[in-house]
Amino acid sequence: MGHPLVARYVEFVEARTRPNTLAATVSDLRVFFAVVAKDPRDVVTADVLAFITVQRKPLIDSKVVRLADGESGLSARTINRRLSSVSGLFAYLVMIGERPSNPVPRGLATRQSRRARGSMAPLVRSPRVLPKILTPGEVDVLFSVLRRWRDRAMVEAMVLGGLRRCEVLGLSMSDLRPGESRLFVAEGKGGHQRLVPISPRFFRSVAAYVDLERPVGLATDKVFVVLKGPRRGQPLTADGLDEILRYNRVKAGLSHGSCHELRHTCLTRLREAGMALEAVQAQVGHRSIETTRIYLHLSNEWLADEYARAAALLDASMIAQVSR
């Protein structure tokens, strides 16, 4: 990990990405070179495949599996993220002339289809795991223990608007559009921006927070800031938001309820309420509608209603044919 070429790559990444992305990249590279103890210029594809094998080994013993997907070892998502970080390093070394090629395979060839000739699958397939969501009762219990208007507004942004954690923390005062009941998300995933409709309830909480809790005369335009301690008045961090949720989940007696799960809860409820899949895609900020299709599986009540409607039409058609 202390190799000069790796250090150069880390500096390269640092100048082009956010701090959390840099930290993840450094961590992934440290794990890789702890397993593959070689000069980056000497790494071959066999070393990468051996690294994958190590990552897929059970973490404790061979009888321990994850309940979520029945696999042992690290999740496929984690391994693919690490491979992406490692591939980025070797692509950089190819670019600066330190290597002739990238030893990380691009993927496993899949059967060609008419739509996508020569498509590639991930090197490690990720099982399709349905995210957890909160029931309406659990959401009510969570809101009942939130004592600050700031915390209520942040939870509402996720559970009513479907915002990601980074999008909540990235909101500026100029992004709030209460007259339109919309938010301008300027710092979406991948740098994509969008306008998001959200319940007036969120704006009422924000108004109370600004009037009663948010310090005046701040240097930052970010909506959500630290309210106590030496960092008072500075923008709230991801760790700070996670800690707020963790503390209030314990108070509410909930076993789960992360930022990610609050967002999924919002989008699942929107689907169950009949919101079109394309509208959910626009709300959530997914680039591909295929990513949004998971909410078809989460919305059990919607699926049951759709089946009942279709079955009623089929029955009516059959009765009409018999009566002729």
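The values are calculated or read from the model by the stated rules, or taken from the named source; none is laboratory data. Everything numeric in this text was worked out from a predicted model, so none of it was measured. No Cβ is skipped: glycine too gets one built from the backbone with ideal geometry, and neighbour counts run over all protein chains shown. The area values use the complete protein model at the heavy-atom level, side chains included, leaving out ligands, DNA and RNA. Shrake-Rupley method; radii C 1.70, N 1.55, O 1.52, S 1.80 Å.
Quick look at the values:
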| quantity | calculated |
| --- | --- |
| At R0 = 22 Å, FRET efficiency that the Cβ-Cβ distance of residue 192 and residue 278 yields, to 0.05 | 0.85 |
| Phi to ³J(HN,Hα) by Karplus 6.51 cos²θ - 1.76 cosθ + 1.60 over region 265-275, Hz, x for Gly, Pro | 4, 4, 5, 5, 5, 5, 5, 5, 7, x, 5 |
| Surface per residue (accessible, 1.4 Å probe) for region 175-287, Å² | 51 |
| Amide H within-cut-off set for residue 183, under 5 Å, with H built and near neighbours excluded | 196, 198 |
| Projected label distance in nm at residue 3 and residue 181, using a 7 Å step from Cα toward the beta-carbon | 5.7 |
| Placed amide H near residue 225: partners under 5 Å, 5+ positions off or other chain | 236 |
| Cα convex hull of region 236-284 - mean projected area over all directions, nm² | 4.3 |
| For region 201-274, the Rg and Dmax computed from alpha carbons only, in angstrom | 15.0, 46 |
| FRET efficiency estimate (nearest 0.05) - Cβ-Cβ, residue 101 to residue 50, R0 22 angstrom | 0.75 |
| Whole-Hz couplings from phi, Karplus 6.51/-1.76/1.60, listed for region 204-217; x for Gly and Pro | 5, 5, 4, 4, 5, 4, 5, 6, 10, 10, 6, x, 8, x |
| Using θ = phi - 60° and Karplus 6.51 cos²θ - 1.76 cosθ + 1.60, couplings along region 91-104 (whole Hz; Gly, Pro as x) | 5, 5, 5, 5, 4, 8, x, 8, 9, x, 7, 8, x, 7 |
| Contour excess over end-to-end distance, with Cα ends at residue 81 and residue 258 and 0.36 nm allotted per residue | 61.7 nm |
| Carbon + sulfur, % of accessible area of region 177-278 - ligands and nucleic acids excluded, 1.4 Å | 54 |
| Potential extension, residue 237-residue 204 segment - 0.36 nm per residue separation minus Cα distance | 9.6 nm |
| Members of 57/132; 57/251; 38/132 lying beyond 29 Å, as alpha-carbon distances in this model show | 57/251; 38/132 |
| Whole-angstrom gap from region 37-54 to region 214-291, using each part's C-alpha centre | 39 |
